[in-house]
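Enquirer: One structure, as structure tokens, below. Some questions next.
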Amino acid sequence: MTNQNLPALAIVGHPNKGKSSIVSTLSQDSSVGISPVSGTTVINREFPMQVDGTTLYKLIDTPGFQRARAALDWMQQHSNAASDHRLTVEAFVETHQEDKKFEAECQLLSPILDGAGILYVIDGSTPYGSEYDAEMEILRWTGQPSMALINQIGDGEYFDEWQQPLGQYFKIVRNFDAQAASFERQIQLLTGFSELAENWREPLQRAAAILRQQRKRQIQQASFLISDMLVAMSNYSLRVPTRNPENQEALAQQTQRFQQSLSAMESSNRKEVEQLFLYDQLERDESEFLLSEEDLFSESTWSIFGLSRDQLVTTGIVGGAAGGTLLDLGSGGLTLFLGSGIGALVGGAGAWFGSQKMVKTRVLGLPLGGSEWVIGPVVNPNFPWVLLGRAMNHLQHLCRRTHARRDALVLSEGYDLMGAGNFNLENPEDSESTSLYDSLEKEQRSKLQTLLSRISKQKPLKESERSQLSEIICQQIPSWSD
Ligand SMILES: Nc1nc2c(ncn2[C@@H]2O[C@H](COP(=O)(O)OP(=O)(O)OP(=O)(O)O)[C@@H](O)[C@H]2O)c(=O)[nH]1
Ligand SMILES: [Mg+2]
């Protein structure tokens, strides 16, 4: 017997229209079977949405209708009046339990007859056809609360064409892109459904509130993980005993090891943040030139995520006097860097990168003879800015992703650091991107500057400073969820 107060939603429709994708998004579960092959889902499977061990609602993934027309014919032949429609559907399922021909129909109708609400999914990129009428009619006969969702799989646009037929069968018709639905849109779906079923109003509204809290907590925990990573990476140094401290080639090799360790720290932070958002096996594509693991130290990554020379001067990180000797890059910062092409980037950026010492490397004598290199920490004041910018870019991508996506997370795609404009990799000149620095209010900017500057000087952060840093990160997030 199902718990009548636990909302259960059966996702139904034609085969291959994104039913399982919607289940995956709404249950935040990447294990749901999704594929371009029609008929992937052959039996029902329940996916509970749980937060802190409490199930908020469950979603039932079902196979697509296979013989809706024939099923409806049977029902019409066995029905005398509208008052017996639901009983007729029940009789249909009972009669055809063992009938292979109506296996899909019996599967998908069972949870609905057990009390599940209906989310009927169609693909708005393909045209409406009368073959859908039988499906919608059967669902109406069950008398269960229902909502229609227009998914978008391909490029076609038949949304208007669908409105009329769907409107005849469903009180609520929503556009809901299974793969791209924002978090806010997902919440709206739940609250929309809460209007349809009296006994679920309270549990679904509570579910929406709990999901919002969960999201807030995920972002907050991520911000602490990021803060701690900034500190750990800025403090990191590598000690290597050496018999020949003058050997530059060997030192270069060890410096590379040092860089790799930093990259690994960043990568493991990303993994932890992904797990917070319930992505366990997320594949990441970091091969793009801007964001690859190796180029944590590249000039392009530094000029995009770090402060521009002007910003460094403004914040007092480097002296104003140095400004005169450097190529003037103007106040455009990021946009200008990219707009001017790689040649200008290297010439211009190289000048001010060069003016700053990157990594502190020392040779120490060992008590029992011999020496050791101490490589690190990174002392360039831009380093924490670069790390923070990269981490927030990653966090932004996660906030905008849904669990229905099975492709790799491409960090440079649609790069848009603080939600302040779209970054266009193909045509950087068209970008309206703003750096983290530019997107901050003056007061926050100077707070952040103070904190990052402490970090860069390897000073420990007090608990209150760690919270301040986390708060600044969190404040940048809300708009990413819309
Ligand atoms: N681009 C895009 N593709 C989508 C979207 N939703 C689903 N798809 C793709 O459409 C195909 C079918 O998606 P499924 O979620 O498996 O569809 P289904 O209705 O459960 O299919 P069956 O179980 O076979 O009935 C998959 O290749 C999905 O990746 C979407 O919102 N955008
Ligand atoms: Mg499926």
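The values are calculated or read from the model by the stated rules, or taken from the named source; none is laboratory data. All values derive from a computational prediction rather than experimental measurement. Please note: Cβ atoms are built from the backbone with ideal geometry, for glycine as well, and neighbour counts cover all protein chains shown.
Enquirer: Scanning region 48-58 for residues that are in a strand (DSSP E or B) and of a type outside the set (A, V, I, L, M), which turns out farthest from ligand 2 (Cβ to nearest atom)? Can you show your working first?
Expert: Step one: filter region 48-58 for residues in a strand (DSSP E or B), giving 48-51, 54-58.
Okay, now just the ones that are also of a type outside the set (A, V, I, L, M), so 48, 50, 54-55, 57-58.
Numbers: PRO48: 18, GLN50: 21, THR54: 27, THR55: 22, TYR57: 19, LYS58: 16 Å.
If we take residues in region 48-58 being in a strand (DSSP E or B) and of a type outside the set (A, V, I, L, M), then THR54 is farthest from ligand 2 (Cβ to nearest atom).
Enquirer: Further, regarding this structure: Can we say GLU105 is out of contact with any Ser or Thr (no Cβ under 9 Å at 6 or more places or on another chain), assigned to a helix (DSSP H, G or I) and within 16 Å of ligand 2 (Cβ to nearest atom)?
Expert: Criteria met by GLU105.
Enquirer: I've got another one for you. Yes or no: region 421-436 includes at least one residue that is among the aliphatic types (A, V, I, L, M), at pLDDT 50 or above and closer than 25 Å to PHE183 by Cα.
Expert: The answer is yes; a qualifying residue exists.
Enquirer: Okay, next question. Checking ILE43 against (1) of a type outside the set (D, E, K, R); (2) over 25 Å from the mean Cα position of the chain (by Cα); (3) within 25 Å of PHE170 (Cβ to Cβ): exactly one of these is not met. Which one?
Expert: (3)
Enquirer: Among the numbered criteria (1) within 12 Å of ligand 1 (Cβ to nearest atom); (2) surrounded by 14 or more Cβ atoms within 10 Å (Cβ to Cβ), which one does SER38 miss?
Expert: With respect to (1) within 12 Å of ligand 1 (Cβ to nearest atom); (2) surrounded by 14 or more Cβ atoms within 10 Å (Cβ to Cβ), SER38 is out only on (2).
Enquirer: Another question, if that's okay. Among the residues in region 257-278, are any assigned to a loop (DSSP other than H, G, I, E, B) and either surrounded by 15 or more Cβ atoms within 10 Å (Cβ to Cβ) or outside the structural domain of LEU26 (by TED's automatic domain parsing) (or both)?
Expert: Within region 257-278 (the criterion being assigned to a loop (DSSP other than H, G, I, E, B) and either surrounded by 15 or more Cβ atoms within 10 Å (Cβ to Cβ) or outside the structural domain of LEU26 (by TED's automatic domain parsing) (or both)), the answer is yes, since at least one residue qualifies.
Enquirer: For region 371-399, which positions are of a type outside the set (Lys, Arg) and under 15 Å from the mean Cα position of the chain (by Cα)?
Expert: Let us first name the residues in region 371-399 that are of a type outside the set (Lys, Arg), namely 371-389, 391-399.
Those that are of a type outside the set (Lys, Arg) and under 15 Å from the mean Cα position of the chain (by Cα): ALA391, MET392, ASN393, HIS394, LEU395, GLN396, HIS397, LEU398, CYS399.
Enquirer: Oh, and also: Could you run through region 165-184 and say how many residues are part of a helix (DSSP H, G or I) and at pLDDT 95 or above?
Expert: Residues of region 165-184 part of a helix (DSSP H, G or I): 165-169, 183-184.
Subset that is at pLDDT 95 or above: 165-169.
Residues in region 165-184 being part of a helix (DSSP H, G or I) and at pLDDT 95 or above: 5 in total.
Enquirer: Moving to a separate point now. From GLU90, GLU98, which residue is away from ligand 2 (no atom under 16 Å from the Cβ), loosely packed, with under 13 Cβ neighbours inside 10 Å and either without any contact (Cβ under 8 Å) to a residue 24 or more places away in the chain or assigned to a loop (DSSP other than H, G, I, E, B) (or both)?
Expert: GLU98
Enquirer: Identify, from the list GLU90, GLU103, the residue that is farther than 16 Å from GLY13 by Cβ and out of contact with any helix residue (DSSP H, G or I) (no Cβ under 7 Å at 6 or more places or on another chain).
Expert: GLU103
Enquirer: Would region 76-90 turn up any residue that is within 30 Å of GLY154 (Cβ to Cβ) and at pLDDT 95 or above?
Expert: no
Enquirer: Which ones in region 400-411 are under 8 Å from the mean Cα position of the chain (by Cα) and more than 16 Å from ligand 1 (Cβ to nearest atom)?
Expert: none
Enquirer: Pick out the one residue from ASP61, ASP29, ASP73 that is among the charged types (D, E, K, R) and out of contact with any helix residue (DSSP H, G or I) (no Cβ under 8 Å at 6 or more places or on another chain).
Expert: Testing whether each residue is among the charged types (D, E, K, R) and out of contact with any helix residue (DSSP H, G or I) (no Cβ under 8 Å at 6 or more places or on another chain) leaves just ASP73.
Enquirer: Look through ALA10, ALA82, ALA68 and report the one residue that is more than 9 Å from ligand 1 (Cβ to nearest atom), in contact with a Ser or Thr (Cβ under 9 Å, 6 or more places away or on another chain) and either under 19 Å from LEU139 (Cβ atoms) or not assigned by TED's automatic domain parsing to the domain that holds TYR169 (or both).
Expert: That would be ALA10, the only listed residue that is more than 9 Å from ligand 1 (Cβ to nearest atom), in contact with a Ser or Thr (Cβ under 9 Å, 6 or more places away or on another chain) and either under 19 Å from LEU139 (Cβ atoms) or not assigned by TED's automatic domain parsing to the domain that holds TYR169 (or both).
Enquirer: In addition: Can you name the residue in region 364-384 that is without any contact (Cβ under 8 Å) to a residue 24 or more places away in the chain and out of contact with any strand residue (DSSP E or B) (no Cβ under 9 Å at 6 or more places or on another chain) and, of all such residues, is nearest to LEU230 (Cα to Cα)?
Expert: Across region 364-384, the extreme among qualifying residues is PRO367.
Enquirer: Can you pull out every residue in region 16-35 that is within 9 Å of ligand 1 (Cβ to nearest atom) and farther than 19 Å from ALA116 by Cβ?
Expert: ASN16, GLY33, ILE34, SER35, listed by residue number.
Enquirer: Please give the number of the condition ASN80 fails out of (1) more than 16 Å from ligand 2 (Cβ to nearest atom); (2) outside any loop (DSSP other than H, G, I, E, B).
Expert: For ASN80, the failing item is (2).
Enquirer: Go through region 199-212 and give me each residue that's touching a residue at least 12 places away in the same chain (Cβ under 8 Å) and not aromatic (Phe, Trp, Tyr).
Expert: ASN199, PRO203, LEU204, GLN205, ARG206, ALA207, ALA208, ILE210, LEU211, ARG212
Enquirer: May I pose another question? Report the residue count in region 59-74 for those that are within 23 Å of LEU9 (Cβ to Cβ) and either of a type in the set (A, V, I, L, M, F, W, C) or away from ligand 2 (no atom under 16 Å from the Cβ) (or both).
Expert: The total comes to 6.
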